[in-house]
Amino acid sequence: MVRNLAIKTLNMVQKKLKEDQEDDSFNRKDSMPKKEPGDIKLEVEDLSFFYGNVQALKNINIKIPSYQITAIIGASGCGKTTFLRCINRMHDLYSKNGYSGKIILYPDGINIIDKKVDPISIRMRAGMVFQKPNPFPKSIYENVAYGLKIKGIKDKKTLDEKVEWALRASALWEEVKDRLKENAYSLSGGQQQRLCIARAIAMDPEVLLFDEPTSALDPVSTSKIEELILELKQHTTVIIVTHNMQQAARISDYTAFMHLGELVEFDRTEKIFTNPSNKLTEDYITGRFG
Amino acid sequence: MSKGSVEAQQHLLYRIKKLRFMDTVFEALGIIAVFLVMTFIFAIILDLFMDGLRRLSLGFLTSYPSRFPEKAGILSAWVGTIYVMAGAVFWSVILGVPAGIYLEEYARKNWLTSIIEININNLAAVPSIIYGLLALGIFVYRLGFGESILTGGLTLGFLMLPVIVVATRESIKRIPQSIREAAYSMGATKWETVRDHVIPYSAGGILTGVIIAASRAIGETAPLITIGALTFIAFLPPSPIKADFPFVSWDSFVEMLKSPFTVIPIQMFNWISRPQKEFHENAAAAGLVLIALTLVMNSLALFLRYKVRRRVKW
């Protein structure tokens, strides 16, 4: 009786260990995690978006994986930025815009574009980095601390720690630690963009949205930002809109190709760039249009 | 090189020469215009100096008006000017700045806001005496404020209002939309965005607008005469600031608001309309004081603009 129990326990432990190993290998391969829904961060169902009467997005369906970098590519005007700005409800700032469909944010499964959901609560969970660096004309410190302050954190020590952490995580700390009181506009363009990233990650966002973050920067600054984005996927789910296909190929795990407001193809980046299933995708990435 | 192209070349050189000549002509015209303007301004100031400098003294600033020109001073006038201007700045800022912020940040852009916008721009061009008539009807009679400092402040405040609304809106418009989006993207509410970004970044422009509006209003005579400001005041309004604790007195403040007043330009008008030459000298001296006050205010505006521009840049 006791022996049976012992064998049973042993089997269970072994089974558990094996499962754990499998889980590990999973992560090491960096493949798309299969657990549902915990490993999907955003599930977009039939998303359409209208600027007044103009339909800018048409029935988008996509599942964005957690802790991965998803790139959105496509020609100008295809709706990539429009899609990105649905995720943090930026469109709500302007009247006459309308959504239909669902964007489910996991783990809690709320529908981001539900009218009942306060966009402020979404924006606190989904940070955004814009095309042109747009730091506030305040001190470097104030820029990073701003998000924390509006979250209600007042304790000086917590703020200091968090600001330092965010600046280190955005590879800016060494360059600015002696001049945190200086105006953010005394920084170079690339530094300003990293400051904007620091400002966004200080809020511990679950999703970080990049809207062509390097299009206004020189190649050196661009490569620094790209390294940074690669690091960031340890902390957060990254979605990046980019004009630059090489950039998408270099940094992303998944790539979505959009064309005229529709999602044409979404797959692992290698697949999209080596063996796309859709003729349109192939034409775009080989430079036949766009 | 073919013959045709040589000719073309020569024609081009001729054209350039002609245009260069026009450059010189226009520059000369510009210099003449600037010279005329400067001469005119200097002539006014020089004239005031020659007439009034002799009368300008500490005694002139600390004496009440008198029927003896050599004893007369502008004490009640400059004190009145300061009280009325304080009131005018107060009313125009507490009404104008929020109105400007509302119109720029909150109001939807539709036909109604367009009408409001056109109206406010037109108000800036309404002759000041019309404001005086309005104030006479509303503040003096309807609301019963009388010919008081309160009425004077409100009248000039309303006169300044459209300029301040426009200055506020222009200043807010200069803030790039990307800055607002940055704030909103971090989860700031509209009020947080306005409080933390819109107001601080536009403060310099608003302040400059306030001071410019104030330096126009300080010289206004017509609307104050219309509301019945007196030309002869031989006493000061009660001071709301006291020597002993708690240093301010509400009752004296109310008394001050209710008291009659005069201002420097009205005092000047009064003196200039008298036959004696000595009174004309007094008017010139008062004019110098008024110009000095305006210059101080304008320099303050320049300084503030410089300070804030250095802090806020995109």
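Return the only residue of A:LEU228, A:LEU209 being away from chain B (no Cβ under 14 Å), touching a residue at least 40 places away in the same chain (Cβ under 8 Å) and closer than 29 Å to A:TYR106 by Cβ.
Only one candidate qualifies: A:LEU228.
Of the residues A:VAL144, A:VAL117, A:VAL207, A:VAL176, only one is among the β-branched types (Val, Ile, Thr) and under 16 Å from the mean Cα position of the chain (by Cα); which?
Going through A:VAL144, A:VAL117, A:VAL207, A:VAL176 in turn, the sole match is A:VAL207.
Quick check: anything in the range A:198-208 modelled with pLDDT of 90 or more, among the small types (Gly, Ala, Ser), closer than 26 Å to A:ASP39 by Cβ and assigned to a helix (DSSP H, G or I)?
Yes, there is a match, as at least one residue in the range A:198-208 is modelled with pLDDT of 90 or more, among the small types (Gly, Ala, Ser), closer than 26 Å to A:ASP39 by Cβ and assigned to a helix (DSSP H, G or I).
For the range A:140-183, how many residues meet the condition of being within 10 Å of chain B (Cβ to nearest Cβ) and small (Gly, Ala, Ser)?
Residues meeting the conditions: 1.
Go through the range B:145-171 and give me each residue that's among the aliphatic types (A, V, I, L, M) and surrounded by fewer than 21 Cβ atoms within 10 Å (Cβ to Cβ).
Of everything in the range B:145-171, just one residue is among the aliphatic types (A, V, I, L, M) and surrounded by fewer than 21 Cβ atoms within 10 Å (Cβ to Cβ), namely B:VAL166.
Kindly check whether there is at least one residue in the range B:234-250 that is open to solvent by less than 40 Å² (accessible area, probe 1.4 Å) and within 14 Å of chain A (Cβ to nearest Cβ).
Among the residues of the range B:234-250, not one is open to solvent by less than 40 Å² (accessible area, probe 1.4 Å) and within 14 Å of chain A (Cβ to nearest Cβ), which makes the answer no.
Got at least one residue in the range B:16-37 being under 30 Å from B:ALA284 (Cβ atoms), touching a residue at least 24 places away in the same chain (Cβ under 8 Å) and not assigned by TED's automatic domain parsing to the domain that holds B:TRP78?
no
Residue under question is B:TRP250, and the condition is that it be within 30 Å of B:TYR141 (Cβ to Cβ), in contact with a helix residue (DSSP H, G or I) (Cβ under 6 Å, 6 or more places away or on another chain) and among the aromatic types (Phe, Trp, Tyr); does it hold?
So B:TRP250 does not fit the description; no.
Provide a single number: the residues in the range B:260-290 that are in a loop (DSSP other than H, G, I, E, B), among the polar types (S, T, N, Q) and either modelled with pLDDT of 90 or more or open to solvent by 10 Å² or more (accessible area, probe 1.4 Å) (or both).
Qualifying residue count for the region: 2.
Between residues in the range B:191-217 that are touching a residue at least 40 places away in the same chain (Cβ under 8 Å) and residues that are of a type in the set (A, V, I, L, M) and not in a helix (DSSP H, G or I), which pairs lie under 7 Å by C-beta distance while being six or more apart or on different chains?
B:VAL198/B:ILE175; B:TYR201/B:ILE175; B:TYR201/B:VAL312; B:GLY204/B:VAL312
Would you pick out the residues in the range A:104-134 that are assigned to a loop (DSSP other than H, G, I, E, B) and in contact with a helix residue (DSSP H, G or I) (Cβ under 7 Å, 6 or more places away or on another chain)?
Result: A:ILE112, A:ILE113, A:PHE130, A:LYS132, A:PRO133, A:ASN134.
What tally of residues in the range A:172-188 results from selecting those that are surrounded by fewer than 19 Cβ atoms within 10 Å (Cβ to Cβ) and assigned to a helix (DSSP H, G or I)?
5
Among the listed residues A:ARG123, A:ARG89, which satisfies the condition of being out of contact with any Ser or Thr (no Cβ under 8 Å at 6 or more places or on another chain), within 14 Å of chain B (Cβ to nearest Cβ), closer than 30 Å to B:ASN110 by Cβ and surrounded by 20 or more Cβ atoms within 10 Å (Cβ to Cβ)?
A:ARG89
Test of understanding: among B:ARG180, B:ARG216, B:ARG142, which residue is open to solvent by 40 Å² or more (accessible area, probe 1.4 Å) and either under 22 Å from the mean Cα position of the chain (by Cα) or within 14 Å of chain A (Cβ to nearest Cβ) (or both)?
Residue meeting the stated conditions: B:ARG216.
Taking the range A:69-86, which residues are open to solvent by 10 Å² or more (accessible area, probe 1.4 Å) and out of contact with any Gly (no Cβ under 7 Å at 6 or more places or on another chain)?
A:SER76, A:GLY77, A:THR81, A:THR82, A:ARG85 - these are the residues of the range A:69-86 that are open to solvent by 10 Å² or more (accessible area, probe 1.4 Å) and out of contact with any Gly (no Cβ under 7 Å at 6 or more places or on another chain).
When the range B:183-209 is examined, which residues are found to be open to solvent by less than 30 Å² (accessible area, probe 1.4 Å) and within 7 Å of chain A (Cβ to nearest Cβ)?
Across the range B:183-209, the qualifying residues are B:TYR184, B:SER185, B:MET186, B:GLY187, B:ALA188, B:HIS197, B:TYR201.
The values are calculated or read from the model by the stated rules, or taken from the named source; none is laboratory data. These numbers were taken from a predicted model, which means no experiment stands behind them. Counting neighbours? That spans all protein chains shown, and the Cβs are built from the backbone with ideal geometry, glycine included. The protein model used for the area step is the full one, side chains on, heavy atoms only, and it has no ligands, DNA or RNA in it. Shrake-Rupley method; radii C 1.70, N 1.55, O 1.52, S 1.80 Å.
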